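**Q** Structure below; questions to follow.
Where a number appears in this text, it was derived from the coordinates with a stated rule and is not lab data. Quick caveat, the model's predicted, so the values are computed rather than measured. Cβ placement follows ideal geometry from the backbone for every residue including glycine, while neighbour counts extend to all protein chains displayed.
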Amino acid sequence: MFEKHHEKKLEKEHEEALAKWKAERDGYAELLQLAETFNGLPTNEIVLGPGEALFYKIAGAALLDARSTGHWEGASSGFSVPIGGGVRYRVGATHGHYVQGEPVLAAIDHGTVYVTNRRVVFTGPKQTREVAFAKLVGFQHDDQAGSTTFSVSNRQKPVTVHYGAGLSAHFDFRLDLALAHYRGTTEALVAQLRQDLAKLDAARPPAPAFAH
């Protein structure tokens with residue numbers, strides 16, 4: 001009786017591990033197929049240059065910018081007068097000092113992010129940002145937050161776009177693929193994905209020893 005229970009437990013654990021492995025393998029196989037066959041799409045939403053194609057688009061993205069934070073410390077001298085509704089307005093000088101806080105990223109616009117094989121473009125009703133790959137110094141993903149910060153040589157401040165943690169993996173890969181097409185390193189990306197897929201195949205969870 002105990003042995004049957006133990007076998008069922010092992011079978012369930014194997015099924016769960018196999019399902020997790022299969023989901024990861026299917027995901028890598030899809031990425032490999034994209035890398036092997038996808039060359040971008042045309043679009044009329046932004047003006048594309050010669051040989052430029054759209055590799056990814058995210059609507060509802062945000063453009064982030066660093067905003068300083070801080071607070072005043074010190075007492076306020078003077079007197080207060082009622083201005084209605086139980087609210088009193090303090091009149092007089094404030095004696096204190098301002099304490100500067102750490103800068104934090106805040107959304108300054110919401111719009112659409114486009115990734116092409118030449119650049120990353122954010123367009124919104126208030127702001128437009130372009131990160132040309134020819135000017136790209138580096139970039140950093142924050143997959144937990146779902147954002148990417150780009151440093152470019154023609155801008156003093158970095159450009160940060162936020163798209164949400166649920167799209168982090170998609171954005172990371174599409175950007176890598178677009179950069180590979182720009183740099184002419186698509187074959188190297190395909191080779192790396194094939195190696196990763198081979199490692200996943202070798203790591204397939206083995207069936208329990210008692211299974212027939």
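**Q** Might you let me know whether segment 101-117 holds any residue that is part of a loop (DSSP other than H, G, I, E, B), loosely packed, with under 15 Cβ neighbours inside 10 Å, touching a helix residue (DSSP H, G or I) at 6+ places or on another chain (Cβ under 7 Å) and of a type in the set (Asp, Glu)?
**A** No: zero hits.
**Q** Looking at GLY164 and the list (1) over 27 Å from LYS22 (Cβ atoms); (2) surrounded by 12 or more Cβ atoms within 10 Å (Cβ to Cβ), which single condition is not satisfied?
**A** The single condition GLY164 does not satisfy is (1).
**Q** (1) free of Cβ contacts under 8 Å to residues at least 40 places away in the same chain; (2) within 21 Å of GLU45 (Cα to Cα); (3) surrounded by 16 or more Cβ atoms within 10 Å (Cβ to Cβ): which one isn't true of LEU179, the others all being true?
**A** The one condition LEU179 does not meet is (1).
**Q** Further, regarding this structure: So, in segment 4-57, exactly how many residues are of a type in the set (A, V, I, L, M) and free of Cβ contacts under 8 Å to residues at least 24 places away in the same chain?
**A** Counting residues in segment 4-57 that are of a type in the set (A, V, I, L, M) and free of Cβ contacts under 8 Å to residues at least 24 places away in the same chain gives 4.
**Q** Quick check on my filter: what residues within segment 130-179 are among the β-branched types (Val, Ile, Thr), out of contact with any helix residue (DSSP H, G or I) (no Cβ under 6 Å at 6 or more places or on another chain) and over 15 Å from TYR56 (Cα atoms)?
**A** VAL137, THR149, VAL159, THR160
**Q** Which residue, of ALA198, ALA178, is of a type in the set (A, V, I, L, M, F, W, C), part of a helix (DSSP H, G or I) and under 18 Å from ALA134 (Cα atoms)?
**A** Result: ALA178 is the single residue among ALA198, ALA178 that is of a type in the set (A, V, I, L, M, F, W, C), part of a helix (DSSP H, G or I) and under 18 Å from ALA134 (Cα atoms).
**Q** Continuing with this model, one more query. Is at least one residue of segment 122-143 loosely packed, with under 15 Cβ neighbours inside 10 Å, in a strand (DSSP E or B) and among the acidic types (Asp, Glu)?
**A** Yes, some residue in segment 122-143 is loosely packed, with under 15 Cβ neighbours inside 10 Å, in a strand (DSSP E or B) and among the acidic types (Asp, Glu).
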